[in-house]
Each structure stands twice: as C-alpha cells, then as structure tokens.
Amino acid sequence: MGPIIEFRSVEKSFGEKRVYQDLSLEVQAGETLVVMGGSGAGKSVMLKMLIGLLQPDSGSIFFRGEEVTRMSERQLRSLRCQIAMLFQGAALFDSLSVGNNVAYALHEHHRHDMTETQVRDRVHWALSLVDLPGIEGMSPADLSGGMKKRVGLARAIALKPEVLLYDEPNTGLDPINTARVNHMINGLKRTLNVTSIVVTHDMSSAFAVADRMAMVHRGQIIAMGTPAEFKESSDTRVADFIHGRAPEHEDVETLLLS
C-alpha cells in the first residue's frame, strides 16, 4: 500500500523568495511525521498547500492517490473534512463561545446531515478528548494560552478527520502545557488512529511525538528518518539544528544581522 500523502517535486515562491525548489515527501498512514527546520523554511506553507489554502507553482500533491493540486473548491472543502489543521495561534473566533468555535467546522461541512443535538454531542466529545469537558459556554478571552490550543485541537478533531496537521502546536506554551499537548498528540493518534504531521522547531516536542522526522533546509528535504537516526546523524546541518548550534561559518555579526 502506498503513502497516504505525497509531495512530488513541489516548487513554491513568493515574489523573489523561493520557499521550495524540490519538495518531495511521503507520509504513511497512521504515523506521526515531524517536519522541522528554521524559521522561514516554509514548514507552514507545506501544510497550507496540502489542504489547498496555497497553490504550488509546480509539482504535485496527492492524498490517497487523488491529486490535491487539481481539485475544485468543492473537492477541497471535502478534503478539509478529512485533513484538519490546528493553526499556530489556535485561530479561535473571539466573538463566539468555545462551544460555537468547536462547532464551527461542523456547521460549515455538515449543516445538512447533522442535527443540532448531534453537533452538541460531537462538541462535548471533542472537548472531553482534550480534557476540557463542560466549557462550551466560556469565551476564548477567558482561556489561557494552553486552553486555547486545546480548544483549537478540539475543533479540528470534531470533524473526525483521517489526518491532523499541527502547525507549531507548542509555540508560546510553558513546559507543563507543552508536555500536555505532546501527550494529547500521542493520545489522539492511538484513540482516533489518525495520521499526523507536526511542524515544529521545538526539539524536545519533536522527539516526544515523532515516528519519523524530516528536515527542511533551503527548499528541500535534506534528511528523513526515525528519531534515533536523527540523533545519530552525521549531517552537520541536522546535528547543529537538533543541538541548537550556530553553523561554524557564521559569526556573531552575521547572526545579529539575519
């Protein structure tokens, strides 16, 4: 059986800035793939291209053998029920209650085939899975940063997707909430049997959740393997990133100006 997700020779630029020049990557069903790389490497762009929020300049992206890059808007809406994304800032609507935030995607995608009772039950189920039962009536303004991330995750899993995309899920969180989110990523994989792609530059989180890892550098995947293989990598670019070391050729002035 082939990969559930595949990027083939994808190129993407924004004006003069080339983000990807040859992105080729496979994701297997049921695995958690961690994609890492420096700020501005294009990790979030990869996720947005996968669900059709951005279009590549060339190359192809496939989900279960269907080419995402050729899908109509109607087909993309269906795709986004199967591939749900937790955005970097949780992206909650301040004007809506927690319950209505979690129900938002259900109303968007299932308004003709779910009753309001079914929606409420699904919202309760999703919030319970992220250890936040009974907070449907609260406002996002009353939530901590960690709780907002978990509500955003509840909104994603309310669709019961096949694939979950996590865009920097631990950004801005303290160590306790970071550990809680990592635990949930692993727990949801087991409970829902989902395939996950986690974009992060937090190495402790990467090693806590990954089945396999990929590193993006200068528009390409330069390394792919298990966490153990990454720890033992002889590629200085990988080793420097994992251990937080500046490349030897960079001096302090270069770093300050970058």
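Every number in this text was worked out from the coordinates using simple rules, so none of it is lab data. The structure displayed is predicted, hence computed values, not measured ones. Quick reminder, even Gly has a Cβ in these numbers, built from the backbone with ideal geometry, and neighbours come from all protein chains shown.
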| message | Could you work out the relative contact order of region 93-172? I mean the mean sequence separation of Cα pairs under 8 Å and 6+ apart, divided by the number of residues, in percent. | response | 41 percent
| Pair-distance profile P(r), taking every C-alpha pair of region 8-111, with 10 angstrom steps and integer % | 12, 40, 34, 14, 1
| request: With springs connecting C-alpha atoms under 10 Å apart, model the chain as a Gaussian network and identify which of ARG70, ARG212, ARG122 has the largest mean-square fluctuation. | output: ARG70
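Sorting check: for 155-161, 131-137, 104-110, which peptide has the highest mean count of neighbouring beta carbons within 10 Å, and how do the rest follow?
Numbers: 155-161: 21.9, 131-137: 14.4, 104-110: 16.0.
So the order, starting with the most tightly packed, is 155-161, 104-110, 131-137.
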| field | Under 5 Å, built H, 5+ apart or other chain: amide partners of GLU31 | value | SER196
| field | Helix-only mean residue ellipticity at 222 nm for the chain, each DSSP H run of n ≥ 4 adding -39500 (n - 2.57), per residue, nearest 500 | value | -11500 deg cm²/dmol
| query | Summing Lys, Arg as +1 and Asp, Glu as -1, what charge do residues with Cβ under 11 Å from the Cβ of THR115 carry, THR115 excluded? | reply | 0
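Taking every DSSP beta bridge with both residues inside the chain, roughly what % is antiparallel (nearest 5)?
On the way: 19 of 37 bridges.
Expressed as a percentage, antiparallel bridges in the chain total about 50.
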| query | What do you get for Rg/Rh of region 1-63 when both radii come from the Cα atoms and Rh is the Kirkwood radius? | reply | 0.96
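Rounded to two decimals, what is the ratio between the C-alpha radius of gyration of the chain and 2.2 N^0.38 Å?
Values: Rg = 18.8 Å, N = 258, 2.2 N^0.38 = 18.1 Å.
Here the Cα radius of gyration is 1.03 times the empirical estimate.
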